[in-house]
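To start, the structure itself, in C-alpha cells.
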Amino acid sequence: MRVTGRDTVHLIGTAATPLGGDTIDVAITVAPGARLRVRSVAATIALPSRDTPASTSRWRYTVGASGCLDVAPEPLIVAGGAAHAAKTVVTLAGGARIRLCERVQLGRDGEDAGRWRGELRADLDGRPLLVHAVELGPGAATDDLLDAPRALVSDLRYPDDADSVTDGLGYARLPLAGGGTLATRLSTRLALSRPAAWVPPPRD
C-alpha cells in the first residue's frame with residue numbers, strides 16, 4: 001500500500017496478484033473519527049499455478065466510532081482455469097460509515113471463464129448487519145438455463161436509506177434490516193466505467 005493523498009491509499013503491484021496456492025491476507029483499520037479511501041492502480045488477475053488453480057484472499061475492515069471507509073479497487077479478473085475465493089469481514093462501531101464496492105470478471109478477453117466465490121460478513125456494534133455469499137462460474141448456483149453471469153458488481157453502503165430496486169435477473173438493491181443497502185449487479189462483462197463517486201453521509 002502507498003499513501004497517495006491526504007486520506008487515500010492505493011494497492012500497488014504484485015502484492016495484490018494471486019497465483020494458484022497463494023493466500024492474500026489484508027487488514028485495514030480506520031481509527032475513530034478518521035476517514036480513509038482505498039483504491040488500486042490496476043486490475044488484479046488471479047492465475048492458476050502449475051500445481052493448483054485455487055487462490056484465496058481474506059480482507060478485514062474495521063471502522064471505529066464515527067470513522068469513514070470507502071473501498072473501491074479496480075476489478076479482480078479471474079483467468080481461465082483459475083479458481084479464487086474471497087472472504088471479507090467488516091466490523092463497524094457506532095456512527096461508522098462505509099462503502100465497499102467489489103467488481104469481479106471471470107475470464108480475460110477470448111478466454112474460458114474461471115471460478116469465483118465471495119463471502120461477505122458485516123457486523124455493526126457486535127450484531128450481524130449482513131451475511132452474504134455469491135458464486136460465479138460453471139457449476140455455481142448462479143449458472144443455469146436462465147442465465148450464466150460472468151461478472152459481478154457488489155456495493156455495500158452503510159448507512160443508506162435508498163429504496164429497494166430490482167431490474168430483472170441482473171440487478172437488485174435491497175435495504176438491510178439493520179440499516180444500509182446492498183446492491184448486486186450480474187452481467188456477462190463489466191462496464192468500462194468506474195463506479196460513481198461516493199459522498200459519505202453526515203456523521204450521526
Here the residues of the range 187-203 lying in the modelled label zone of Ala65, meaning backbone nitrogen under 20 Å from a point 7 Å along Cα-to-Cβ, are 201-203
Expected output is a single nm value to one decimal: the length gained when fully extending between Ala42 and Thr29, i.e. 0.36 nm times separation in residues minus the C-alpha distance. What is it? 2.4 nm
Checked against the positive end of the charge dipole of the range 20-102 (+1 on Cβ of Lys and Arg, -1 on Cβ of Asp and Glu, about the Cα centre), the farthest of Thr62, Ala72, Thr44 is Thr62
Each residue of the range 24-36 in order: what ³J(HN,Hα) in whole Hz does its phi give by Karplus 6.51 cos²θ - 1.76 cosθ + 1.60, θ = phi - 60°, with x for Gly and Pro? 9, 10, 10, 10, 10, 10, 9, 5, x, x, 8, 10, 9
Among Leu11, Leu145, Leu69, residue whose mean-square fluctuation peaks in a GNM of the chain (springs only between Cα atoms under 10 Å): Leu145
Which distance in Å, rounded to a whole number, links the C-alpha centroids of the range 59-102 and the range 127-204? 13 Å
For the range 81-204, which whole-number percentage of the solvent-accessible area (1.4 Å probe, protein heavy atoms only) is attributable to carbon and sulfur atoms? 52 percent
Does the range 26-95 come out rounded, prolate or oblate, given a ≥ b ≥ c as the square roots of the eigenvalues of its C-alpha gyration tensor, rounded meaning a/c under 1.5 and, failing that, prolate meaning a/b above b/c? prolate
Accessible area in square angstrom per residue, the range 118-204, 1.4 angstrom probe: 61 Å²
Under a Gaussian network model of the chain whose springs join Cα atoms within less than 10 Å, the largest fluctuation of Gly180, Gly94, Gly110 belongs to Gly110
As an exercise, take the mean of 1/r over every pair of distinct alpha carbons in the range 102-199, invert it, and state the Kirkwood radius in angstroms. 14.7 Å
Loop sites only, by DSSP: take the trypsin sites (Lys or Arg not before Pro) in the chain that have at most 13 other C-beta atoms within 10 Å and name the longest stretch containing none of them. 51-188
Calculated SAXS-style log₁₀ I(q)/I(0) at q = 0.10, 0.17 Å⁻¹ - the chain, Debye, Cα scatterers: -0.42, -1.22
If amide H atoms are built 1.01 Å from N in the plane of the peptide, which residues on other chains or at least 5 residues away come under 5 Å of the amide H of Leu176? Thr181, Leu182
Which sequence of Thr4, Thr56 reflects their accessible areas, 1.4 Å probe, from the largest down? Thr4, Thr56
Percent accessible area from carbon and sulfur atoms, the range 1-76, protein chains only, probe 1.4 Å: 53 percent
Ranked by GNM mean-square fluctuation in the chain (Cα springs under 10 Å), the top entry among Ile98, Ile45, Ile28 is Ile28
Can you give the local net charge around Ala191? Use residues other than it whose beta-carbon is closer than 10 angstrom to its beta-carbon, Lys and Arg +1, Asp and Glu -1. +4
Tell me the net charge near Val38. Cut-off is 12 Å between Cβ atoms, Val38 excluded, with +1 for each Lys or Arg and -1 for each Asp or Glu. +1
Quick check: pseudo-label points 7 Å beyond the Cα along Cα→Cβ at Ala197 and Glu74, how many nm apart are they? 2.1 nm
Give, in nm to one decimal, the length gained when the segment between Ser164 and Glu135 is fully stretched (0.36 nm per residue of separation minus the Cα-Cα distance). 8.2 nm
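The values are calculated or read from the model by the stated rules, or taken from the named source; none is laboratory data. Remember, it's a predicted structure, so these values are computed and weren't measured experimentally. With ideal geometry, Cβ positions are generated from the backbone for all residues, glycine too; neighbour counts draw on all protein chains shown. With ligands, DNA and RNA removed, areas are computed over all heavy atoms of the protein, side chains included. Shrake-Rupley method; radii C 1.70, N 1.55, O 1.52, S 1.80 Å.
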